[in-house]
Structure formats: C-alpha cells, structure tokens
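K.L.:
Got a structure for you, written out below as structure tokens; questions coming shortly.
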Amino acid sequence: MEDFLLGFYARLAFAMSRYVYVASEGSPFIGYNTKDGGYVGADYSFPNSASNADTLLMLRNALVFEELKDDIETGDIHLLRGVPRAWLADGKQIRVERLPTYFGELSMQVAGKSDEIRAVIDAPLRNPYRRLLLNVRRPVKRVTVNGKDHPDCDFETGVVRLAAGAKKYTVEVRY
C-alpha cells in the first residue's frame, strides 16, 4: 500500500505540470547551455493522454478497486484501499458519485471525525457482487452497519466486510 501511495504522489509531483496536473510526452532535463547562455530544456511539452489516463486510473483504484483473478471479476470490490490516512482525518470528506463498476454504479460519502469514520454507500444494483471491503487503514474498536453491531471485519487492519444484498450501507467505524 505504501508503495502505491509513493508512486501516486511521485507521479503528481514529478511527472506532471504544476497546478494543472497534466503529464507531458517527456520529462525534460533542464541544464545550463554554455553556448546560448541560460537554462534550457528539451521541448517535449505536449500532453500525453495515455499517461494522464493512467494517473486517473490510479486515483480511481485508490478509491474503488475491483479485484480480478485471471482477468475475471472475483466479486470483491475494495473501497478506499489506496487512500492516504490523511484523506480520512477529522473534518475531511470523500465523495464518489455514480462510479461505474462491473456490477453497476456505486456511490459513497465518507466523512472523518476525530475518533470515527462514517460512510454511506449506495451499492451496485446490477450483476451480483460478492462483497464490499471498506478499508479504513487503521485498527478499529467497534463497527456498526445500518445501526447494528457488525463483527465481520478485521479489527487489526481496519477492513470492514459487507456482504452483498443491501442497496445502501451506513457504516460507522470507531477507533
């Protein structure tokens, strides 16, 4: 997970233009030109749409990752698997609306508080998926789903397993 985040942020910091986050066809080396004087760099400044699409795919996979085995869906949909812990901090919000998946559109709203995370998830309605796996990326003390205690989770790693069936899940995770 940490390697994914390092790669994602390195791409944003070093492989994309400042402030607009567009990848160029090449990453020019800038050096001092003694003949013409001043700093010069290679002229590869036109956008690289494949690299830009790959960056957006990385962001999508950080938020919603559909597990495949031998290029076939396993039925597991990982939520927030690649988000930094800072995105789940007190006062932060993550919102995904009508994101297409193999199983239909998925929406979620996640809000962080000092000692808990509250997530409202509208599950996909098409093709039956096996389960949603909500990753809060830290140890948890208590989990409730739709107002009831929910024991189907890994309390050490912070993965809440939600079996298919409900149209909407309201998940509260306390640290």
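K.L.:
Once you have the Cα-Cα distance between residue 99 and residue 156, take 0.36 nm times their residue separation minus that, and quote the gain in nm to one decimal. If you can, show how the numbers build up before the last one.
P.N.:
Numbers: separation 57, 0.36 × 57 = 20.52 nm, distance 2.88 nm.
Difference between extended and current length: 17.6 nm.
K.L.:
Oh, and also: What FRET efficiency comes out for residue 127 versus residue 61 if R0 is 22 angstrom and r is the Cβ-Cβ distance? Round to the nearest 0.05. Each step should come with its number before you reach the end.
P.N.:
Details: r = 20 Å, r/R0 = 0.89.
Efficiency, rounded to the nearest 0.05: 0.65.
K.L.:
Indicate the gyration tensor shape class of the range 127-175 (rounded, prolate or oblate), computed on the Cα atoms with a ≥ b ≥ c the square roots of the eigenvalues: a/c under 1.5 is rounded; otherwise a/b larger than b/c is prolate and the rest oblate. All intermediate terms of the calculation are to be shown ahead of the outcome.
P.N.:
Working: a/c = 2.47, a/b = 1.53, b/c = 1.62.
Verdict is oblate for the range 127-175.
K.L.:
Which distance in nm do the two modelled labels at residue 21 and residue 50 give, with both placed 7 Å along the Cα-to-Cβ direction?
P.N.:
Each label point is offset 7 Å from its Cα along the Cβ direction, giving 2.2 nm.
K.L.:
Name the shape class, rounded, prolate or oblate, that the alpha-carbon gyration tensor gives for the range 54-140, where a ≥ b ≥ c are the square roots of its eigenvalues, rounded holds for a/c under 1.5, and otherwise prolate holds if a/b is larger than b/c and oblate otherwise.
P.N.:
Working: a/c = 1.85, a/b = 1.67, b/c = 1.11.
Prolate is the answer for the range 54-140, as a/c is 1.5 or above and a/b outweighs b/c.
K.L.:
Got a sec? Which residues in the range 88-105 would a label at residue 68 touch, if it sits 7 Å along Cα→Cβ and we count backbone N under 14 Å?
P.N.:
101-103
K.L.:
Under a cut-off of 19 Å between alpha-carbon atoms, report the aspartates and glutamates in cross-link reach of residue 167, not counting same-chain residues fewer than 8 places apart.
P.N.:
Output for residue 167: 66, 76, 97, 105, 122, 149, 152.
K.L.:
For the pair residue 168/residue 12, report the inter-label distance in nm, with labels modelled 7 Å from Cα in the Cβ direction.
P.N.:
Roughly 3.1 nm, to one decimal.
K.L.:
Give the aspartates and glutamates whose C-alpha is closer than 17 Å to that of residue 148, dropping any in the same chain fewer than 8 places away, or say none.
P.N.:
116, 172
Readers should treat all values here as calculations from the given coordinates under stated rules, not as data from a laboratory. Since the model is a prediction, treat every value here as computed from it, not as a measurement. Reconstructed Cβ throughout: ideal geometry from the backbone, glycine too, with neighbour counts over all protein chains shown.
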